[in-house]
Amino acid sequence: MKWEPRFATGDAKIDDQHRMLFTASEQFRHTLEAGEGKKTYDLFLDFLTSYCEMHFAVEENCMFMHKCPVATQNKHEHGLFLRLVDKENVRFRDEGFDAALATKLLDTLDHWLESHICRIDTRLNEVLV
Ligand SMILES: [Fe+2]
Ligand SMILES: [Fe+2]
């Protein structure tokens, strides 16, 4: 999945961070499809966790600063998403790599990004002028 203009939030830095998340997901999907997922899944999970933590902090600050009406909901959904990634990370450390579960995580990530950005993050447009 790629970034599209309908994902624009009105903040160039936040849009760039969203682009980065779509790109990372797409790249790791290629890696998985090439049968190379096992080698770098730990790096991908670490990247996803730290990049999301960074991005969520930037975006939450921006929403609270501009009194965006969905600022609290945004923070709540970020928390739920981080828990989901953390759960897969713990499962992976315990049970090891599973290509089907890695694909499932990517599908969830793509779907979550699309849904969350369209419903929540794009509401920044209302307060950024
Ligand atoms: Fe968000
Ligand atoms: Fe976001």
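The values are calculated or read from the model by the stated rules, or taken from the named source; none is laboratory data. Small disclaimer: the values here were computed from a predicted structure and weren't measured. Please note: Cβ atoms are built from the backbone with ideal geometry, for glycine as well, and neighbour counts cover all protein chains shown.
Would you say residue 73 is more than 11 Å from ligand 2 (Cβ to nearest atom) and not aromatic (Phe, Trp, Tyr)?
yes
For (1) exposed (fewer than 13 other Cβ atoms within 10 Å of the Cβ); (2) within 14 Å of ligand 2 (Cβ to nearest atom); (3) modelled with pLDDT under 95, each residue gets a yes or a no:
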residue: 30; (1), (2), (3): yes, no, no
residue: 38; (1), (2), (3): no, no, no
residue: 41; (1), (2), (3): no, no, no
residue: 81; (1), (2), (3): no, yes, no
residue: 103; (1), (2), (3): no, no, no
residue: 106; (1), (2), (3): no, no, no
residue: 113; (1), (2), (3): no, yes, no
residue: 120; (1), (2), (3): no, yes, no
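Kindly provide the set of residues from segment 43-59 that are among the charged types (D, E, K, R) and buried (at least 17 other Cβ atoms within 10 Å of the Cβ), ordered by number.
59
Would you confirm whether or not segment 84-98 contains a residue that is within 16 Å of ligand 1 (Cβ to nearest atom) and surrounded by 13 or more Cβ atoms within 10 Å (Cβ to Cβ)? Before the answer, list the steps.
In the first step, residues of segment 84-98 are kept if they are within 16 Å of ligand 1 (Cβ to nearest atom); the result is 84-85.
Checking the rest, the ones that are also surrounded by 13 or more Cβ atoms within 10 Å (Cβ to Cβ) come to 84-85.
Yes; the residues of segment 84-98 include at least one that is within 16 Å of ligand 1 (Cβ to nearest atom) and surrounded by 13 or more Cβ atoms within 10 Å (Cβ to Cβ).
Collect the residues in segment 49-65 that are within 14 Å of ligand 2 (Cβ to nearest atom) and touching a Leu at 6+ places or on another chain (Cβ under 9 Å), keeping them in residue-number order.
Residues satisfying the conditions are 51, 52, 53, 55, 56, 59, 62, 63.
Find the helices (runs of 4 or more DSSP H) located wholly in segment 18-129 whose residues include 3 or more that are within 18 Å of residue 4 (Cα to Cα), and list them.
99-119
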